[in-house]
Amino acid sequence: MVNSSYVIMLQAAPDDYLAGQQALQCAQDLVTKGNQLKQVFFYGPAVIYANQFLQGPSGAPNLQEQWRKFSTENNIPLVVCATVGSQYGLEALPPPAGNLAEGFVAGGLAEFIETLAKAEHFLQFQGSGSC
Amino acid sequence: MLMFHFTKPASHASARQGLDMLLMALSLDQPCCAVYSGKAILQLLEPKGSFDPLKKLGLLDAVFDFAEIYVDSASLAENHLLASSFRVPVKVIDSLKIEQLNQQAKHKLQF
């Protein structure tokens with residue numbers, strides 16, 4: 001049974017591990033509790049998550065892989081804003097034409113707004129650098 | 001109603017990204033309001049340099065006839081500005097009214 005519908009927006013860059021882990025944990029908790037997570041939207045610096053060449057420092061959690069695993073296991077779309085992505089060097093096509101990482105889909109703000117409008121709840125993770 | 005609450009200075013990338021999202025929401029006929037508080041009220045001033053990352057602000061009024069732009073009265077006083085200083089028409093409201101908008105909103109997006 002579905003309890004409530006949610007949309008998550010992540011804006012923190014991948015090197016903001018705390019924000020990334022908080023968002024991922026929140027997404028996992030929502031799904032575990034039987035809620036419908038309609039979409040995880042990557043906006044602002046978080047679009048870098050969708051770059052297939054993303055490399056974290058040694059020992060750091062691979063949040064890109066963890067998001068991909070979460071998405072695959074729970075059938076949750078990971079949507080990256082294509083327009084902002086292009087401003088961060090993201091070519092929103094799978095290799096070799098672009099550098100969009102497996103598991104992510106490029107979308108637009110229109111798709112996000114339409115999904116948001118239908119969702120009951122919205123959660124936003126801006127990150128620690130968003131002062 | 002979607003409430004877009006802007007709190008970052010004009011130089012912050014999220015100011016532009018939030019504006020882009022607000023414009024998209026309006027183009028999809030979503031009921032919206034925009035609240036500017038803190039340093040974000042400076043986003044509404046005419047830019048000092050030639051580069052204007054927020055030049056689309058003018059579309060709010062010119063294209064969408066969007067009148068739900070609110071400015072926090074305390075932030076206005078702190079920055080020694082008047083509502084007439086801004087490049088778009090605004091309504092000056094206090095923190096109580098901002099909280100009321102917050103309560104009325106289905107979703108609140110912060111930029």
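Please treat every number below as a calculation from the coordinates, not as lab data. Remember, it's a predicted structure, so these values are computed and weren't measured experimentally. All Cβ positions, glycine included, derive from the backbone under ideal geometry; neighbour counts span all protein chains shown.
Quick one: Debye curve from the alpha-carbon atoms of the protein assembly as shown only, equal weights, vacuum; give me log10 I(q)/I(0) at q = 0.11, 0.15, 0.16 Å⁻¹ to two decimals. Summing over Cα pairs of the protein assembly as shown leads to -0.60, -1.05, -1.17.
I'd like the mean, over residues of A:113-125, of how many other protein chain beta carbons sit within 10 Å of each residue's own Cβ.
Working: counts 11, 4, 0, 7, 8, 0, 2, 2, 2, 6, 1, 5, 0.
Shielding by partners across A:113-125 averages 4.
Secondary structure note: in the protein assembly as shown, about 5% of the DSSP beta bridges are antiparallel. Mean partner shielding of peptide B:5-12, defined as the number of other chain Cβ atoms within 10 Å of each residue Cβ, is 1.
The charge dipole of the stretch A:44-127, taken about its Cα centre with unit charges on the Cβ atoms of Lys, Arg (+1), Asp and Glu (-1) only, comes to about 100 debye. Taking the inverse of the mean reciprocal distance over all distinct Cα pairs, the Kirkwood hydrodynamic radius of chain B comes to 13.8 Å. As a rough footprinting exposure proxy, the listed residues A:125, B:51 were ranked by other beta carbons within 10 Å of their own, and the order from fewest upward is B:51, A:125. Counting only DSSP beta bridges with both residues in the stretch A:5-125, the antiparallel share comes to about 5 percent. Computed over the stretch A:5-125, the quotient of the alpha carbon radius of gyration and 2.2 N^0.38 Å is 0.98. Stretching residue A:117 away from residue A:28 to a fully extended chain increases their span by 29.8 nm, per 0.36 nm per residue minus the current alpha-carbon distance.
Positive-end ranking of A:76, A:88, A:34 along the dipole of chain A, with charges on Cβ about the Cα centre, is headed by A:34.
Phi angles of the stretch A:88-98 translate, via the Karplus equation with coefficients 6.51, -1.76, 1.60 and θ = phi - 60°, into HN-Hα couplings of 10, x, 8, 8, 7, 9, x, x, x, 5, x Hz per residue; Gly and Pro are given as x. Roughly how far apart, in whole Å, are the Cα centres of the stretch B:10-61 and the stretch A:24-86? Each part's Cα centre sits 27 Å from the other's. Shape analysis of the stretch A:82-131 places it in the oblate category; the axes a ≥ b ≥ c from the Cα gyration tensor give an a/c of at least 1.5, with a/b not above b/c.
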